């Protein structure tokens with residue numbers, strides 16, 4: 001186990017959904033082994049369907065705010081891991097974070113692209129949420145054993 005928590009930054013386009021979920025899950029599930037933050041290239045508005053889906057999982061992100069990668073760059077904050085969570089179709093727009101740290105890419109669908117009735121969107125976000133939770137669990141297991 002690391003002497004200090006491993007610092008992880010999750011990055012996506014708007015910091016409104018995927019990176020927020022990943023940050024929350026890592027902070028909740030890693031028993032202090034990791035300290036997660038999240039940011040976006042173009043900070044948007046927290047996705048209310050994501051807030052609802054996370055609440056169902058027992059995690060309240062309703063008071064989170066979206067952040068831009070520039071906040072971390074301008075403050076000289078470094079990370080041990082930078083994990084992009086953009087979908088592969090948007091990978092070319094997925095932000096690059098300069099500086100040290102192991103770079104990892106996980107592809108998840110963008111909840112902001114979902115349309116239709118609320119219940120249909122919520123079902124889709126639940127699936128994305130559960131996939132992100134599984135990726136976080138694998139990350140904790142793999143990187144804690146490294």
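For segment 98-121, the tally of residues that are touching a residue at least 40 places away in the same chain (Cβ under 8 Å), within 18 Å of the chain's Cα centre (by Cα) and in a helix (DSSP H, G or I) stands at 2. Can you name the residue in segment 128-146 that is over 11 Å from the mean Cα position of the chain (by Cα), buried (at least 16 other Cβ atoms within 10 Å of the Cβ) and in contact (Cβ under 8 Å) with a residue 40 or more places away in the chain and is also nearest to residue 19 (Cα to Cα) among such residues? Only one residue tops the list, namely 128.
Scan segment 40-57 for residues that are in contact with a helix residue (DSSP H, G or I) (Cβ under 8 Å, 6 or more places away or on another chain) and either more than 17 Å from residue 112 (Cα to Cα) or assigned to a helix (DSSP H, G or I) (or both) and the total you get is 7.
For residue 108, indicate whether it is touching a helix residue (DSSP H, G or I) at 6+ places or on another chain (Cβ under 6 Å), at pLDDT below 90 and either surrounded by fewer than 16 Cβ atoms within 10 Å (Cβ to Cβ) or within 15 Å of residue 15 (Cβ to Cβ) (or both). Let's see the steps before the verdict.
Working: touching a helix residue (DSSP H, G or I) at 6+ places or on another chain (Cβ under 6 Å): yes; at pLDDT below 90: no; either surrounded by fewer than 16 Cβ atoms within 10 Å (Cβ to Cβ) or within 15 Å of residue 15 (Cβ to Cβ) (or both): yes.
For residue 108, the condition - touching a helix residue (DSSP H, G or I) at 6+ places or on another chain (Cβ under 6 Å), at pLDDT below 90 and either surrounded by fewer than 16 Cβ atoms within 10 Å (Cβ to Cβ) or within 15 Å of residue 15 (Cβ to Cβ) (or both) - is not met.
For (1) over 18 Å from residue 108 (Cα atoms); (2) surrounded by 24 or more Cβ atoms within 10 Å (Cβ to Cβ); (3) modelled with pLDDT of 95 or more, each residue gets a yes or a no:
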site: 3; (1), (2), (3): yes, no, no
site: 25; (1), (2), (3): no, yes, yes
site: 38; (1), (2), (3): no, yes, yes
site: 41; (1), (2), (3): no, no, no
site: 58; (1), (2), (3): yes, no, yes
site: 62; (1), (2), (3): yes, no, yes
site: 70; (1), (2), (3): yes, no, no
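Inspect segment 8-15 for any residue being at pLDDT below 90, in contact with a helix residue (DSSP H, G or I) (Cβ under 8 Å, 6 or more places away or on another chain), under 14 Å from residue 128 (Cβ atoms) and outside any loop (DSSP other than H, G, I, E, B) and give the result as yes or no. For segment 8-15, residues at pLDDT below 90, in contact with a helix residue (DSSP H, G or I) (Cβ under 8 Å, 6 or more places away or on another chain), under 14 Å from residue 128 (Cβ atoms) and outside any loop (DSSP other than H, G, I, E, B): present. More than 15 Å from residue 22 (Cβ to Cβ), surrounded by 13 or more Cβ atoms within 10 Å (Cβ to Cβ) and modelled with pLDDT under 85 - does that describe any residue in segment 81-99? Yes, segment 81-99 has at least one match. Of the residues making up segment 40-72, those that are touching a strand residue (DSSP E or B) at 6+ places or on another chain (Cβ under 9 Å) and without any contact (Cβ under 8 Å) to a residue 40 or more places away in the chain number 4.
The values are calculated or read from the model by the stated rules, or taken from the named source; none is laboratory data. Keep in mind it's a predicted model, so treat the numbers as computed, not measured. Positions of Cβ are backbone-derived with ideal geometry, glycine not excepted, and every protein chain shown enters the neighbour counts.
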